[in-house]
Each structure stands twice: as structure tokens, then as C-alpha cells.
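Here's the structure, in C-alpha cells; my notes come after.
The values are calculated or read from the model by the stated rules, or taken from the named source; none is laboratory data. These numbers were taken from a predicted model, which means no experiment stands behind them. Glycine gets a Cβ as well: all are built from the backbone with ideal geometry, and neighbour counts include every protein chain shown. The accessibility values were calculated without ligands, DNA or RNA, using every heavy atom of the protein model including side chains. Shrake-Rupley method; radii C 1.70, N 1.55, O 1.52, S 1.80 Å.
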Amino acid sequence: MSVQIRDERFREVIGDTVELERLGGGFTFTEGPIWHTQEHHLTFSDMPADHMRRWSPSTGVTTLRQPSNMANGNAYDAQGRMLTCEHATSRVTRTEADQSITVLASHYDGQELNSPNDIVVRRDGLVFFTDPTYGRMEFFGVPREPELSFRGVYCVKPDGSGLSLLADDFAQPNGLCLSLDQQRLYVNDTERSHVRVFDVNEQGDASGGDVWVTLDGEAEGHPDGMKIDSLGNLYCTGPGGVHVFTPDGVCLGVILMAELTANFTWGGEDLRQLFFTSSTSLYRCETRTAGLPAF
């Protein structure tokens, strides 16, 4: 069984079933997949291995960057520049066109960030990211005590100025994504197994933050990577695989995964292929609904 259907609308969004194709393996713990819509390649992090990798249909899996400062979440901005959350340095960085590195965020109120984890860029260039403490733990990062007393969600301007704290009441904030109209920000809390939703204004200020959905199931897995498709459905990793929710919070079903899956993204020529970073492997499947281009 490759899917768990909880609502018949799942068949229209995903299909009656999915066929997982394993594109690569032997990794340590994969994360942060992003698809380049012009060059047609997938970049992803192999976090504990301190290794950023790239996959394309013509070359398969190759090395992009090693060491990578234990990179985790990645995103593209409107110019196609890659933004990266670095566990080992507690920074958010941007790789420029000439491959130089610009630091967008590293400290809040004079104290080092915990370990930026996941990241999303709004169409106007504003950057939102989560800052749990996973990158200060053994295996996932460099063990060290945090300087901040909380685990927050932040917004920063494209030039690295105006870092603002949006919320500080998470146990471990992790995956995040914007709604289709980009007026709401969804953030999941891994330890509490739920997704919260904030209203965000033009300046990037956030209000609200109520629990939107709770992910349930007996299988292994927890909220981590999260994305919106072209119809506004929200996808989130959780027990058993990737859970699919309608824009009003109804769980349509679960794409069941062969390995613990931390993140995913859409790619392919028509953005109807889902790529999954699943612990030691990279997988792909076809869906009936397209994702959104990264830029």
C-alpha cells in the first residue's frame, strides 16, 4: 500500500496510488530539497555528512558543496540565488551569482541564533525562517549550549537588515511555508505534532498563531518539511509519510514512505513530480497536482 486515503478528494490531488522511485541512496540524513526550474536540477542537503548534493536526470547525484557548514533547509529567491540554513554556524546565508557567500542572519539581540532550520522566501524578497535547537545536538549538528532562551520564528529583509522575531513560544519550530496568496505563514512544531498559522502583513509582521491542524498516526514520523501546491493544499511530513491537507484543514490522506522522510519538494518539467529526502535515500513520485515554482 503506497497511500492512505482518508477523503476521496485525495485521488484528484495525488492519484489512486503512487509509485516511489529511488533515485539515490547511501546518504546519512537528507534534507532541504529545492528544484531549479530553469536548469532542471535538484539540490539537497546531507546534513550530518556536511555535504550538499545535486541530482539531475543526466548526471544523477553529484557533489555541490563539501563541507557545507552542515546545511539544512534551502530556498531560492526571485533572482535564483540559493539561501541556506547552516547548523554548524547558526547562520542564514545566500550564495551569490559569483558563488560568494552573504550572511543574512546570525545573531538576535546580540546572541547567536540556535540553528536555523527551514526557510522560505516571499515574492517581495522577505525571508522567513525557523530556529530550533536541533543543530546544537549530536549527529544533526555541533553539540553546544544555546545562547538564546527560546526557539523562534524570524523574518529578515533581503539585504540582511531588520531581523525581527515573529514568535518565541514554540517547543521546536521546524517546517514552514506561505499560503497561496502569501498572506498567511504556516509553521509546524515538531515536538507538539501540530501546524500553526499566522497572518503576515506587507512588512512581514505576524499575528495570530493558532493551531491549524494536528498530525496523527501510529507510524514513525513527525512534522518537518512542509509545502503548498498550486491549488493551495498543504503537505507536511508526519507519521507514516507526507500528509495532504485541503486549504481549510481537512486531511485527505497520506503518501506512505519507505523511509523516515524529513522533507520534499516539487520538480520535473511540469512540476508534477514530488522529490522526497528520506533519511538515507532520495525518492520521486508523480502526482496529479503541480507544485509551485521556486522562483
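Computed quantities for the displayed model
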{"read-out": "The listed residue being at pLDDT below 95, touching a Pro at 6+ places or on another chain (Cβ under 9 Å) and not basic (Lys, Arg), out of Gly267, Gly225, Gly217", "value": "Gly217"}
{"read-out": "Residue count for the range 242-270, restricted to those that are over 15 Å from Thr287 (Cα atoms) and either touching an Asp or Glu at 6+ places or on another chain (Cβ under 7 Å) or part of a strand (DSSP E or B) (or both)", "value": "5"}
{"read-out": "Of all residues in the range 47-76 being closer than 20 Å to Leu274 by Cα and within 14 Å of the chain's Cα centre (by Cα), the one that is surrounded by the fewest Cβ atoms within 10 Å (Cβ to Cβ)", "value": "Tyr76"}
{"read-out": "Residue among Arg81, Arg53, Arg94 that alone is of a type in the set (Lys, Arg) and farther than 21 Å from Phe128 by Cβ", "value": "Arg53"}
{"read-out": "One residue from Ser149, Ser90, Ser161, Ser106 being of a type in the set (Ser, Thr, Tyr) and open to solvent by 50 Å² or more (accessible area, probe 1.4 Å)", "value": "Ser149"}
{"read-out": "Any hit, the range 16-39, residues being buried (at least 17 other Cβ atoms within 10 Å of the Cβ), assigned to a strand (DSSP E or B) and charged (D, E, K, R)", "value": "yes"}
{"read-out": "Within the range 171-199, tally of residues that are more than 16 Å from Ile228 (Cβ to Cβ), of a type outside the set (D, E, K, R) and open to solvent by 10 Å² or more (accessible area, probe 1.4 Å)", "value": "4"}
{"read-out": "Test: residue in the range 116-125 that is among the hydrophobic types (A, V, I, L, M, F, W, C) and out of contact with any Leu (no Cβ under 7 Å at 6 or more places or on another chain)", "value": "no"}
{"read-out": "Options Ser68, Ser45: the member that is assigned to a loop (DSSP other than H, G, I, E, B) and at pLDDT 95 or above", "value": "Ser68"}
{"read-out": "Those residues of the range 119-140 which are open to solvent by less than 10 Å² (accessible area, probe 1.4 Å) and either more than 20 Å from Gly204 (Cα to Cα) or part of a loop (DSSP other than H, G, I, E, B) (or both), in sequence order", "value": "Pro132, Gly135"}
{"read-out": "Of all residues in the range 242-295 being of a type in the set (A, V, I, L, M) and out of contact with any Ser or Thr (no Cβ under 8 Å at 6 or more places or on another chain), the one that is farthest from Val187 (Cα to Cα)", "value": "Val254"}
{"read-out": "Tabulated pairs, the range 54-65, first on the phi > 0 side of the Ramachandran plot, second in a strand (DSSP E or B) and at pLDDT 95 or above, C-beta under 9 angstrom, 6+ apart or interchain", "value": "Gly60/Leu23; Gly60/Gly24"}
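So that you can scan it fast, the table gives a plain yes or no per residue for (1) within 15 Å of Ser179 (Cα to Cα); (2) open to solvent by less than 10 Å² (accessible area, probe 1.4 Å); (3) basic (Lys, Arg):
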residue: Gly204; (1), (2), (3): yes, yes, no
residue: Glu220; (1), (2), (3): no, no, no
residue: Val242; (1), (2), (3): no, yes, no
residue: Phe245; (1), (2), (3): yes, yes, no
residue: Gly253; (1), (2), (3): no, yes, no
residue: Asn263; (1), (2), (3): no, yes, no
residue: Gly267; (1), (2), (3): no, yes, no
